[in-house]
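Chemist: What follows is a structure written as structure tokens; I'll ask about it next.
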Amino acid sequence: MPVVLDRPNQLDRRRENWRPPLFRPIRSRRDRLYAAARRLLDLQAGSIWRDLSCLLPQFRGLVLDVGCGAQPYRSLVHPGATYRGIDREDAEVHFGYSMPETTYFPGDRWPVSDASADLVLSTETLEHVPDPSVFLDEAFRCLKPGGQLLVTVPFAARWHFIPQDYWRFTPSGLSRVLTRAGFSEVAVYARGNALTVACYKTSALLIRLLIPQIETPWKQILPQALGVLSLPVLILIALAGNLSLTSNGGDDCLGYTAIAVRPAPRAPSRYPGQ
């Protein structure tokens, strides 16, 4: 018999104790207001939006959003680009997302032609992929030479969508897996710093009071009352966290945004043997 500790084995868990609301597709003014309010309170989502709002409008051609979920960043794509969202066919079962504008596929091979995409976008997806090397090989295959990969991953984030959450990447780890897949010019940017993480964790505790996920309705009354009372504190923490995102990032952060290039093939040498 193996030795054991006197607390639950985490591998026996099959769901989270609390899960934030799923993202919504942005189709109306009401959706935009909801998304803006969420970005204020959800620093992970806000930090990703901050980076992508700078980067995505710069791309033209085919933007391939892999693991797109509710396509929350589609509105940031330049009007002159062509957006295409794809996701695994088990996305609804495991993650709760089902979108009519998404192409769902089985297995690991993407339903995309070789060297056809100008940008492969993947937001908060790589940690849910059992074998990241297979995923990155597909990204490399689908990109045109000179095309770019834009990835965001969490770092200071709870275990979520249990058990389909496998990895946390450091900048060194991202560089390693991207260069092994053949990418070059890898750059990794931190989203936030230790203050951002502290604000994020504190606000997450307060949001659980506002949105308790308790099966018995009458047991929700007390936590919701406490949540309403703490709302001014929650807003102040959210404002401080958003302000901290203007920094250059730190060793402790919410997550990372990585950019890499599929290099163009080298021209053959004019001189044999060189």
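The values are calculated or read from the model by the stated rules, or taken from the named source; none is laboratory data. None of the values given here were measured: they were computed from a predicted structure. Cβ: placed from backbone, ideal geometry, glycine included. Neighbour counts: every protein chain shown.
For (1) surrounded by 15 or more Cβ atoms within 10 Å (Cβ to Cβ); (2) out of contact with any Phe, Trp or Tyr (no Cβ under 6 Å at 6 or more places or on another chain); (3) touching a residue at least 60 places away in the same chain (Cβ under 8 Å), each residue gets a yes or a no:
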position	(1), (2), (3)
20	yes, yes, yes
26	yes, yes, no
32	no, yes, no
45	yes, yes, no
60	no, yes, no
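Chemist: Among the residues of region 209-216, are any under 24 Å from the mean Cα position of the chain (by Cα) and closer than 15 Å to residue 46 by Cβ?
Modeler: No, because not a single residue in region 209-216 is under 24 Å from the mean Cα position of the chain (by Cα) and closer than 15 Å to residue 46 by Cβ.
Chemist: Kindly indicate whether residue 245 is closer than 17 Å to residue 39 by Cβ, under 19 Å from the mean Cα position of the chain (by Cα) and either among the basic types (Lys, Arg) or surrounded by 15 or more Cβ atoms within 10 Å (Cβ to Cβ) (or both). Outline the logic, then answer.
Modeler: Details: closer than 17 Å to residue 39 by Cβ: yes; under 19 Å from the mean Cα position of the chain (by Cα): yes; either among the basic types (Lys, Arg) or surrounded by 15 or more Cβ atoms within 10 Å (Cβ to Cβ) (or both): yes.
It is true that residue 245 is closer than 17 Å to residue 39 by Cβ, under 19 Å from the mean Cα position of the chain (by Cα) and either among the basic types (Lys, Arg) or surrounded by 15 or more Cβ atoms within 10 Å (Cβ to Cβ) (or both).
Chemist: State which residue pairs qualify: first residue more than 15 Å from residue 50 (Cα to Cα) and inside region 224-251, second residue at pLDDT below 95 and not in a helix (DSSP H, G or I) in any location, beta carbons under 7 Å apart, and separation of 6 or more residues or different chains.
Modeler: From region 224-251, the pairs are 224/212.
Chemist: Another question, if that's okay. What are the residues in region 108-130 that are under 19 Å from residue 143 (Cα atoms) and out of contact with any helix residue (DSSP H, G or I) (no Cβ under 7 Å at 6 or more places or on another chain), if any?
Modeler: 111, 113, 115, 118, 119, 121, 122, 125, listed by residue number.
Table: residues versus (1) assigned to a helix (DSSP H, G or I); (2) modelled with pLDDT under 95; (3) at positive phi; (4) assigned by TED's automatic domain parsing to the domain that holds residue 215.
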position: 15; (1), (2), (3), (4): no, yes, no, no
position: 20; (1), (2), (3), (4): no, yes, no, no
position: 32; (1), (2), (3), (4): yes, yes, no, no
position: 49; (1), (2), (3), (4): yes, no, no, no
position: 53; (1), (2), (3), (4): yes, no, no, no
position: 79; (1), (2), (3), (4): no, no, no, no
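Chemist: Would you check if there is a residue in region 78-93 being in contact with a Ser or Thr (Cβ under 6 Å, 6 or more places away or on another chain) and farther than 25 Å from residue 132 by Cα? If you could, list the steps in order and put the result at the bottom.
Modeler: So in region 78-93, the residues in contact with a Ser or Thr (Cβ under 6 Å, 6 or more places away or on another chain) come out as 85-87, 92.
Right, trim to farther than 25 Å from residue 132 by Cα and you get none.
Among the residues of region 78-93, not one is in contact with a Ser or Thr (Cβ under 6 Å, 6 or more places away or on another chain) and farther than 25 Å from residue 132 by Cα, which makes the answer no.
Chemist: Return only the number of the condition from (1) under 23 Å from the mean Cα position of the chain (by Cα); (2) at pLDDT 95 or above; (3) under 30 Å from residue 135 (Cα atoms) that residue 239 does not satisfy.
Modeler: Tallying (1) under 23 Å from the mean Cα position of the chain (by Cα); (2) at pLDDT 95 or above; (3) under 30 Å from residue 135 (Cα atoms), residue 239 fails exactly one: (3).
Chemist: Which of (1) surrounded by 15 or more Cβ atoms within 10 Å (Cβ to Cβ); (2) at pLDDT 95 or above; (3) over 21 Å from residue 55 (Cα atoms) is the odd one out, the single condition residue 186 does not satisfy?
Modeler: Status for residue 186: all satisfied but (3).
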